[in-house]
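Since the structure comes first, as structure tokens, the remarks are kept for the end.
The values are calculated or read from the model by the stated rules, or taken from the named source; none is laboratory data. Quick caveat: nothing in here was measured; it's all calculated off a predicted structure. We place every Cβ from the backbone using ideal geometry, glycine too, and count neighbours over all the protein chains shown.
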Amino acid sequence: MAQMLLRNFSARRACGLLLSSQKQQQETCGLHTTPACCEIRKLARLRVVDNSDLGKRAMAEGRPPRCIHVYNKRGVGYIGDKVLVAIKGEKKKGILVGLKQNQRPKQPKFDSNNLVLIDDNGTPLGTRIHVPIPTILRTILKEKTLAKGADYTKVLAIASRYV
């Protein structure tokens, strides 16, 4: 009889531990513990840092633009890459001017993924960039200007500060 009570007690105890672990799992089910993606891939949220009307309205409403396509072979965006974004129901192109992801040595790492909106021929939609942009962007955009037909040096002209 004592052995039977002991078995029932241990079974209940094991069941209680099992139930408490299931309860903890259910409570933490909605919590995401993985870190936010720091790479610029499809559906990555970006922050518009120029003073274009479209960018200001999107950021004021709390609906930041999302990346639809990265114009390079890798599919992952880096500083100076051109991306296609969906912003306020429209498709616009932009240039990445600051990233969260780890950079090469002596390149700054930013707190947010920054974007400057441009039109099809490379001229920026805004007239001012509010955040500092990395100095390495000068050489990257000049190389892309010579290789492509678009003129990306106008983005450098409207920047007020370099890091």
Open item on the list: Which pairs turn up if I take residues in the range 50-72 that are assigned by TED's automatic domain parsing to the domain that holds GLU90 and look for partners that are in a helix (DSSP H, G or I) and aliphatic (A, V, I, L, M) with beta carbon separation below 7 Å, at least 6 apart in sequence or on another chain?
Closed with: PRO64/ALA58; PRO65/ALA58
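Got a number for residues in the range 123-150 being in a loop (DSSP other than H, G, I, E, B) and either at pLDDT 85 or above or loosely packed, with under 15 Cβ neighbours inside 10 Å (or both)?
Within the range 123-150, the subset in a loop (DSSP other than H, G, I, E, B) is 123, 125-128, 130-132, 134-135, 148-150.
Pick out the ones that are also either at pLDDT 85 or above or loosely packed, with under 15 Cβ neighbours inside 10 Å (or both) and you get 123, 125-128, 130-132, 134-135, 148-149.
Residues in the range 123-150 being in a loop (DSSP other than H, G, I, E, B) and either at pLDDT 85 or above or loosely packed, with under 15 Cβ neighbours inside 10 Å (or both): 12 in total.
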Open item on the list: Take the conditions touching a strand residue (DSSP E or B) at 6+ places or on another chain (Cβ under 6 Å) and either aromatic (Phe, Trp, Tyr) or free of Cβ contacts under 8 Å to residues at least 60 places away in the same chain (or both) and apply them to LYS92. Does it pass?
Closed with: yes
Task: Filtered residue count, the range 101-147, keeping only those that are more than 22 Å from SER52 (Cα to Cα), in contact with a strand residue (DSSP E or B) (Cβ under 9 Å, 6 or more places away or on another chain) and touching a residue at least 40 places away in the same chain (Cβ under 8 Å) - done: 3
Open item on the list: Just checking, does the range 75-82 include any residue being touching a Gly at 6+ places or on another chain (Cβ under 8 Å), modelled with pLDDT of 90 or more and either in a strand (DSSP E or B) or not assigned by TED's automatic domain parsing to the domain that holds ALA150 (or both)?
Closed with: yes
